[in-house]
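First comes the structure, then the notes that go with it.
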Amino acid sequence: MKTVYIYSDGACTGNPGPGGYGAILRYNKAEKELSGGFADTTNNRMELMGVIVSLEALREPCEVIVITDSQYVVNGIEKGWAAKWKAHGWMRNSRERAQNPDLWERLLNAMARHRVRFEWIRGHAGHRENERCDKLAVEAAHKPGLPPDVRG
């Protein structure tokens, strides 16, 4: 299996508000940048989208290391929260619905064909790839004519 590194970040102007995601996919010395945005979204949704779009861009099963500054995303997978929420009908507990079930479902599906591990890094701490992803995300959030974020 190929080993692919995914660096990802999300940004939002207001929360909710216009938002964007940015990602870098790296295999050996080859890199690909991805970005996009939505008119009315949240930071957590954009953090998830960066990872989802990156995993969906992979054409074959890979060993994937996702590096992100989003504890929400890392903990949601590494601590098993998303799998637990899904098993309980997207409920966090008996009274609270899980946030962003449409994107968590999409992320779990995108992960299914790969071996994925998540690593958290501190944001805005001079990490080259994280800084680049942040720039891509912010630029995407400021593009005119952003589509609506259709929540499922």
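The values are calculated or read from the model by the stated rules, or taken from the named source; none is laboratory data. Please read all numbers here as calculations on a predicted model, not as lab measurements. Because the Cβ atoms are built from the backbone with ideal geometry, glycine has one as well, and the counts that use them run over all protein chains shown. The protein model used for the area step is the full one, side chains on, heavy atoms only, and it has no ligands, DNA or RNA in it. Shrake-Rupley method; radii C 1.70, N 1.55, O 1.52, S 1.80 Å.
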**Request:** List the number of the failed condition for Asp40; all other conditions in (1) open to solvent by less than 40 Å² (accessible area, probe 1.4 Å); (2) part of a strand (DSSP E or B); (3) not aliphatic (A, V, I, L, M) hold.
**Result:** (1)
**Fill in**
Inside region 101-133, the number of residues satisfying the requirement of being more than 19 Å from Ile65 (Cβ to Cβ) and surrounded by 13 or more Cβ atoms within 10 Å (Cβ to Cβ) is 6
**Request:** State all residues of region 76-103 that are in contact (Cβ under 8 Å) with a residue 40 or more places away in the chain and in a helix (DSSP H, G or I); if no residue qualifies, say none.
**Result:** Ile77, Glu78, Pro101, Asp102, Leu103
**Prompt:** Do we find that Glu60 is surrounded by fewer than 19 Cβ atoms within 10 Å (Cβ to Cβ) and more than 13 Å from the chain's Cα centre (by Cα) in this structure?
**Reply:** yes
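If I ask for residues that are more than 11 Å from the chain's Cα centre (by Cα) and in a strand (DSSP E or B), which ones from region 12-23 would you list?
Selection gives Cys12, Gly17, Pro18, Gly19.
One line per residue, one yes/no per condition, for (1) closer than 14 Å to Gly50 by Cβ; (2) of a type in the set (D, E, K, R):
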| residue | (1), (2) |
| --- | --- |
| Ser70 | yes, no |
| Lys86 | no, yes |
| Gln99 | no, no |
| Ala110 | yes, no |
| Gly126 | no, no |
| His142 | no, no |
| Pro147 | no, no |
**Prompt:** Is it the case that some residue within region 48-57 is charged (D, E, K, R), touching a residue at least 24 places away in the same chain (Cβ under 8 Å), assigned to a strand (DSSP E or B) and on the phi < 0 side of the Ramachandran plot?
**Reply:** no
**Request:** Within region 66-80, track down each residue that is open to solvent by less than 90 Å² (accessible area, probe 1.4 Å) and either more than 10 Å from Trp120 (Cα to Cα) or touching a helix residue (DSSP H, G or I) at 6+ places or on another chain (Cβ under 9 Å) (or both).
**Result:** Val66, Ile67, Thr68, Asp69, Ser70, Tyr72, Val73, Asn75, Gly76, Ile77, Gly80
**Request:** Considering each residue of region 5-33, count those that are under 13 Å from Lys135 (Cβ atoms) and of a type outside the set (Ser, Thr, Tyr), and give that number.
**Result:** 8
**Item:** region 5-20, residues that are surrounded by fewer than 24 Cβ atoms within 10 Å (Cβ to Cβ) and either touching a Pro at 6+ places or on another chain (Cβ under 7 Å) or small (Gly, Ala, Ser) (or both)
**Value:** Gly14, Gly17
